[in-house]
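Undergrad: Here it is, the structure in full.
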Protein chains: 2
Amino acid sequence: MPRSGADARRRLREAALELYRERGFDRTTAAEIAARAGVNERTFFRHFPDKREVLFDGETELRDALLRTIVELPREMGVFAVLLAAFRKSARTLADNRPFAEPRWRVIAATPALRERELAKHAALAEVVAEALRRRGVGDGVASLAARTGWAAYQHAVQAWLDNPGESLDAQLTRAFDDLCALAARPDTLETAASD
Amino acid sequence: MPRSGADARRRLREAALELYRERGFDRTTAAEIAARAGVNERTFFRHFPDKREVLFDGETELRDALLRTIVELPREMGVFAVLLAAFRKSARTLADNRPFAEPRWRVIAATPALRERELAKHAALAEVVAEALRRRGVGDGVASLAARTGWAAYQHAVQAWLDNPGESLDAQLTRAFDDLCALAARPDTLETAASD
């Protein structure tokens, strides 16, 4: 995409976020977002199919990067090690962009229509992660389980990072996977349940 | 609710599922669901706020049952043991109702509007599970992490059960938590990632 296209796209993202915070998502139109970004409405729809998608830009790049990283990590790494490494890498972009990520998250959390879209995106991304694990030779069922639970740990870390500005996203991610392993490693964890 | 009300509710659920399968969700109206169920449209809207919710009946009961079970399980049980026991208990209703659950799942999977609503319901239920764990004295962050990852394992088990009619939901649930513990218990799991 030529530089002017990428610029317009970024301005549209930022204008949309500003307007959603000022007036709410429901009371903002694509035409108003375009006007605030200094482009016309046709340009908005050339970049985004609707006013929900404008807050989910970059998902294709994230998906491709995750897939590539997971497939290419060393063969000998364990499944959760692979996921942690891949999430740490993909989280760098997010961590570098907190001034956009943090208000974006608040708007999504406060807007059911955006929250539902986000959850659908995440479910699709977890499915991509499962597929990448299968390409590493992980069995079908375990790949799906690891992708779903690993993705849940990733989202927990992002939430903790947004709630606690004092700690890095990288540290939150490492802690989430450490805690998950500690929870799962307790020898009494399942035995009591099995005898219920 | 008097028996006639519960009956109408069940008939509306079943009529909605039939029509969504026959014509698709988008091409079915609340009036048509009511007619198929042998009630008038006003009765539909007395039971359900819209035609998405009709497929998510019983969520309040599930939420209350999960919360109560998690809070009341023996103090000495580990966090994942508690979740597995609670999910096994709540899954009995689902397992007894496969003739409804299976086509319902196909309709939801094929209809983005229903899939988004389902994901939002699940996120809310995972938050209830986290709150129940906090009431047991589990720390705030670990409760949230365990609820998200445990819920993900639960959904993986439900999916595996829907995909494999030959195995019980109870067996799938136990296997999902066993596999999660095995994934997390591998000593090399995180070390390689930490040295990347």
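The values are calculated or read from the model by the stated rules, or taken from the named source; none is laboratory data. Keep in mind that what you see is a predicted model, and the values were worked out from it rather than measured. Positions of Cβ are backbone-derived with ideal geometry, glycine not excepted, and every protein chain shown enters the neighbour counts. Heavy atoms of the whole protein, side chains included, go into the accessibility calculation; ligands, DNA and RNA do not. Shrake-Rupley method; radii C 1.70, N 1.55, O 1.52, S 1.80 Å.
Undergrad: Compute the long axis of helix B:59-72 from its Cα atoms, compare it with the longest principal axis of the Cα atoms of chain B, and write down the angle in degrees, 0 to 90, nearest 10.
TA: That works out to roughly 30 degrees.
Undergrad: Which value results for Rg/Rh of region B:50-107 when Rg is the Cα radius of gyration and Rh the Kirkwood radius based on the inverse mean 1/r?
TA: Over the Cα atoms of region B:50-107, Rg/Rh equals 1.07.
Undergrad: State, to one decimal in nm and shortest first, how far the label point of B:GLY24 sits from each corresponding label point in the other identical copies (label point: 7 angstrom along Cα-to-Cβ).
TA: 3.2
Undergrad: Quickly estimate the mean residue ellipticity at 222 nm for the protein assembly as shown, helices only: each DSSP H run with n ≥ 4 gives -39500 (n - 2.57), and the total goes over all residues, rounded to 500.
TA: -25000 deg cm²/dmol
Undergrad: Rounded, prolate or oblate for region B:58-187? Axes are the square roots of the Cα gyration tensor eigenvalues, ordered a ≥ b ≥ c, and the cut-off for rounded is a/c under 1.5.
TA: Cα axes put region B:58-187 in the prolate bin.
Undergrad: Here is a further query. Quick check on packing: order A:56-66, A:75-85 by the mean number of other C-beta atoms within 10 Å, highest mean leading.
TA: The most tightly packed comes first, giving A:75-85, A:56-66.
Undergrad: Checking an interface number: how much accessible area is buried between A and B, summed over both chains, with a 1.4 Å probe, in Å² rounded to 100?
TA: Using a 1.4 Å probe, the pair buries roughly 3800 Å².
Undergrad: Sticking with this structure for a sec: Who wins for biggest fluctuation among A:LEU173, A:LEU12, A:LEU145 in a Gaussian network model of chain A, springs between alpha carbons below 10 Å?
TA: Residue with maximal mean-square fluctuation among A:LEU173, A:LEU12, A:LEU145: A:LEU145.
Undergrad: Here is a further query. Using a 10 Å cut-off around each Cβ of peptide A:169-181, what is the average number of partner chain Cβ atoms that fall inside?
TA: 4
Undergrad: Once both axes come from the Cα atoms, what is the angle between helix B:98-110 and the longest principal axis of chain B, in degrees from 0 to 90, rounded to 10?
TA: It is inclined by approximately 90 degrees.
Undergrad: Taking chain A as the reference, fit the longest principal axis to its C-alpha atoms, fit the long axis of helix A:112-135 to the helix C-alpha atoms, and give the angle between the two in degrees, 0 to 90, nearest 10.
TA: 50
Undergrad: Once you've got the GNM for chain A with C-alpha springs shorter than 10 Å, pick whichever of A:ALA185, A:ALA143, A:ALA113 has the biggest mean-square fluctuation.
TA: A:ALA185
Undergrad: Can you pull the Kirkwood radius for region B:1-129, inverse mean 1/r over Cα pairs, to one decimal in Å?
TA: 16.0
Undergrad: Taking a quarter of the surface of the Cα convex hull of region A:5-54, what do you get in nm²?
TA: Approximately 2.8 nm², given one-decimal rounding.
Undergrad: Classify region B:105-182 from the C-alpha gyration tensor, please: rounded if a/c falls under 1.5, else prolate or oblate depending on whether a/b exceeds b/c.
TA: Oblate shape, in that a/c is at least 1.5 and b/c is the bigger or equal ratio.
Undergrad: Also, quick follow-up: Can you list the distances in nanometres, one decimal and ascending, from the A:ASP50 label point to the identical position in each other copy, with the point 7 Å along Cα to Cβ?
TA: Inter-copy label distances (nm, one decimal, shortest first): 1.1.
Undergrad: Calculate the mean, over all residues of peptide B:117-129, of how many other protein chain Cβ atoms lie within 10 angstrom of the residue's Cβ.
TA: Mean shielding by partner chains, rounded to a whole number: 3.
Undergrad: At 1.4 Å probe size, with the rest of the protein present, what percent of the exposed accessible area of the protein assembly as shown is carbon and sulfur atoms? Provide the component values of the computation, followed by the final result.
TA: On the way: 9180 of 18520 Å².
Here it works out to 50 percent.
Undergrad: Something else about it: GNM on chain B, C-alpha springs below 10 Å: top fluctuator among B:LEU55, B:LEU67, B:LEU119?
TA: Taking springs between Cα atoms under 10 Å, the residue moving most is B:LEU119.
Undergrad: If we hang a label 7 Å off Cα along the beta carbon direction at B:PRO165, how far is it from the matching labels on the other copies, in nm, shortest first?
TA: Shortest to longest, the spacings are 5.7 nm.
Undergrad: Average partner chain C-beta neighbours within 10 Å, per residue of B:131-141? Intermediate values should be presented prior to the final figure.
TA: Values: counts 0, 0, 0, 0, 0, 0, 0, 1, 1, 2, 10.
Averaged over the peptide's residues, the number is 1.
Undergrad: Further, regarding this structure: Residues of region A:58-187: accessible area per residue at 1.4 Å, in Å²?
TA: 42
Undergrad: Kirkwood Rh over alpha-carbon pairs of the protein assembly as shown, then Stokes-Einstein at 20 °C and 1.002 mPa s: what D in µm² s⁻¹, rounded to an integer?
TA: The Stokes-Einstein estimate is 94 µm²/s.
Undergrad: Please give the net charge around B:ASN40, taking every other residue with its beta carbon less than 13 angstrom from that of B:ASN40, where Lys and Arg add +1 and Asp and Glu add -1.
TA: +2
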